[in-house]
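To start, the structure itself, in structure tokens.
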There are 2 protein chains.
Amino acid sequence: MATEGEKEQVKLLGVTLSPFVVRVCIALALKGIDYEFIQVNFMHPKSELLLKSNPVHKKVLVLIHYGKPVCESMIIVQYIEEAWENKEPNLMPKDPYDRAIARFWVAFVDDKLFPSMRAAFFGQGEQLQKEVEVTVTNFLLIEEALRTNDCFAGKPYFGGDEIGLIDIALGGLSAFITGVEKATDSVLIDAEKMPLLSAWLDRFCQLDVVKEAMPDPAEYISVRRAMMMSPPTSN
Amino acid sequence: MATEGEKEQVKLLGVTLSPFVVRVCIALALKGIDYEFIQVNFMHPKSELLLKSNPVHKKVLVLIHYGKPVCESMIIVQYIEEAWENKEPNLMPKDPYDRAIARFWVAFVDDKLFPSMRAAFFGQGEQLQKEVEVTVTNFLLIEEALRTNDCFAGKPYFGGDEIGLIDIALGGLSAFITGVEKATDSVLIDAEKMPLLSAWLDRFCQLDVVKEAMPDPAEYISVRRAMMMSPPTSN
């Protein structure tokens, strides 16, 4: 699809530090798509353009392509794959079963892993400890899948030899994972208990496109402090 | 893919009354795929075959195709579309933007609408009333999308002239919607306030494949009573 004047036609609205924005930035960089990033203030995230672009959830992170909005990070990543399907690399496997497995683990990251990490990040006392434990259990399930699932075992990335949908969904959280570890003074990915996951994360974080997109984990600590002192406005 | 001996190679494990099972049954029926249904007792849902097939979530509803398990209803429906892509009808639009919109509304149904309906169904007193209101607000957002979104406006189904992903995701819940209305003594889809959604639901429910897959809404009331008296076992 888009090539000429691409930058004018691809806009990304989001908060730079958001792990969800990181995912989309990695996907755009992998595909070599030029775009304009429109920074949204995380303390006052509901601009008019945003509300117009995402009237249902009224949340940040919208990709606008030729004026049409696409919302939610992993829906955007799949859109990027399909709208620029002729651009390498392919972010989705071709085989229907492998695609279902990719979608399953992306849903696991979004519906189970991220909520527990977020709850730990903003938690206090016992609640924080409980959510750290839930998060570790979730990471152990991913380690187990890396060890036993034929789709992943023995391959450098979840996507096989190249980064795919799961790598982006999980790896996009890597700075946030470190941020949560710092904020909660805990180890979420223990290299001894999760050797495969730990090695995968190191491999993923050493890629140039990932290095460029990834924020400094320390910044999450500042965000946490600011949000706890004064929660973002709701309109 | 599968044709000869298909029934032996496609198995669906689930609880007949589950709205998620209904979705998959509609998709299989639309594609004309023969399969064996393996009924799971909803009061004791965690059989050995199930735990082996879905070790991560340990939940019912697994499609087993040539011995390989696929979990979660809308991931299964997308798998059905892709594994039998040459069988009409197509359950996904071809255009990348339309596909993103389909995924967005499927996520809305699963992440916002269904949880509020479920909470209303099992709720009591004020909590029940609150969740009914949230559910109505969610349905109003769908009505608004039917009225204003170019992808849907003026078409008989969300999928255009044929049933698509959103129709299955939302329409698969139709008996449950009626069940929740009966259980909570409320109107969730008011034909005056939601004329487009109401007309769509009538159209959807008159399709033969839908009639055959849809349980009697009254059965949900019995399930609710049984589950409230004695919650399902957790192992």
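Peptide B:80-86 shows a mean partner chain C-beta count of 2 within 10 Å per residue C-beta.
Relative contact order for segment A:96-226: what percent, with Cα pairs under 8 Å and sequence separation of 6 or more? Mind dumping the intermediate values first?
Numbers: 125 pairs, mean separation 33.3, N = 131.
Computed value for segment A:96-226: 25 percent relative contact order.
Summary of the geometry: segment B:16-32 and segment A:120-166, compared by the centres of their Cα atoms, lie 31 Å apart.
Count Lys and Arg as plus one, Asp and Glu as minus one, and take only other residues whose Cβ is under 15 Å from that of B:Ser198; the net charge is then -4. Diffusion coefficient of segment B:96-226 by Stokes-Einstein, Kirkwood radius over Cα pairs, 10 °C, 1.306 mPa s: 105 µm²/s.
Kirkwood analysis of the protein assembly as shown, using all unique Cα-Cα pairs, places the hydrodynamic radius at 23.5 Å. When only DSSP loop residues count, what trypsin sites (Lys or Arg not before Pro) in segment B:57-165 have their Cβ near at most 11 other Cβ atoms within 10 Å? Here the sparse-neighbourhood loop sites are B:Lys94. Ranked from shortest, the separations from the 7 Å Cα-to-Cβ label point of A:Asp208 to its equivalents in the other copies are 5.9 nm. Over chain A, dividing the summed -39,500 (n - 2.57) contributions of all DSSP H runs of at least 4 residues by the number of residues returns a 222 nm mean residue ellipticity of -16000 deg cm²/dmol. For segment A:105-113, 3J(HN,Hα) computed residue by residue from phi via the Karplus equation (6.51, -1.76, 1.60; θ = phi - 60°) reads 6, 4, 5, 4, 4, 6, 8, 10, 5 Hz, glycine and proline entered as x. Between copies, B:Glu126 shows label-point distances of 2.4 nm, shortest first, with the point placed 7 angstrom from Cα along Cα to C-beta. Within a straight-line Cα-Cα reach of under 22 Å, A:Lys193 can be paired with the following lysines, leaving aside sequence neighbours fewer than 8 residues apart in one chain: A:Lys112, A:Lys130, A:Lys155, A:Lys182.
Across peptide A:90-101, the average count of Cβ atoms from other chains found within 10 Å of a residue's Cβ is 4. Amide H contacts of B:Ile38 (H built 1.01 Å from N, in plane; Pro and chain starts excluded): B:Leu12, B:Leu13, B:Gly14 sit under 5 Å, all sequence-distant by 5 or more or on other chains. Altogether, the Stokes-Einstein calculation at 10 °C and 1.306 mPa s, with the Kirkwood radius of segment B:125-182 over Cα pairs as Rh, returns a diffusion coefficient of 125 µm²/s. The trypsin sites (Lys or Arg not before Pro) of segment B:151-225 that DSSP puts in a loop, and whose beta carbon has at most 16 other beta carbons within 10 Å, are B:Lys193.
Each principal axis of the Cα cloud of segment B:6-83 was taken in turn, and the coordinate range along them, longest first, works out to 31, 24, 20 Å. DSSP bridge analysis restricted to chain A gives an antiparallel fraction near 70%, rounded to the nearest 5. For chain B, excluding the exposed loop sites themselves (GluC sites (Glu not before Pro), DSSP loop, at most 12 other Cβ atoms within 10 Å), the longest remaining stretch covers B:5-191.
By the gyration tensor of its Cα atoms, with a ≥ b ≥ c the square roots of the eigenvalues, what is the shape of chain A: rounded for a/c under 1.5, prolate for a/b over b/c, or oblate?
Values: a/c = 1.90, a/b = 1.08, b/c = 1.76.
Note, shape of chain A comes out oblate.
Taking the square roots of 5 times each eigenvalue of the Cα gyration tensor of segment B:161-235, largest first, gives ellipsoid semi-axes of 26, 16, 10 Å. Straight-line reach from A:Lys52: taking Cα to Cα under 17 Å and skipping same-chain neighbours fewer than 8 places apart, the lysines in range are A:Lys11, A:Lys68. Relative to the other identical copies, A:Glu36 shows label-point distances of 5.9 nm, where the label point lies 7 Å from Cα along the Cβ direction and values run shortest first.
Per-residue mean of foreign Cβ neighbours for B:140-149 is 1 (Cβ atoms of other chains, 10 Å radius).
Laboratory data are not the source of any read-out in this text; all were calculated from the coordinates shown. Computed from a prediction, not measured in an experiment: that's the story for all the values here. For neighbour counting, all protein chains shown are included, and Cβ atoms are generated from backbone atoms with ideal geometry for every residue, glycine included.
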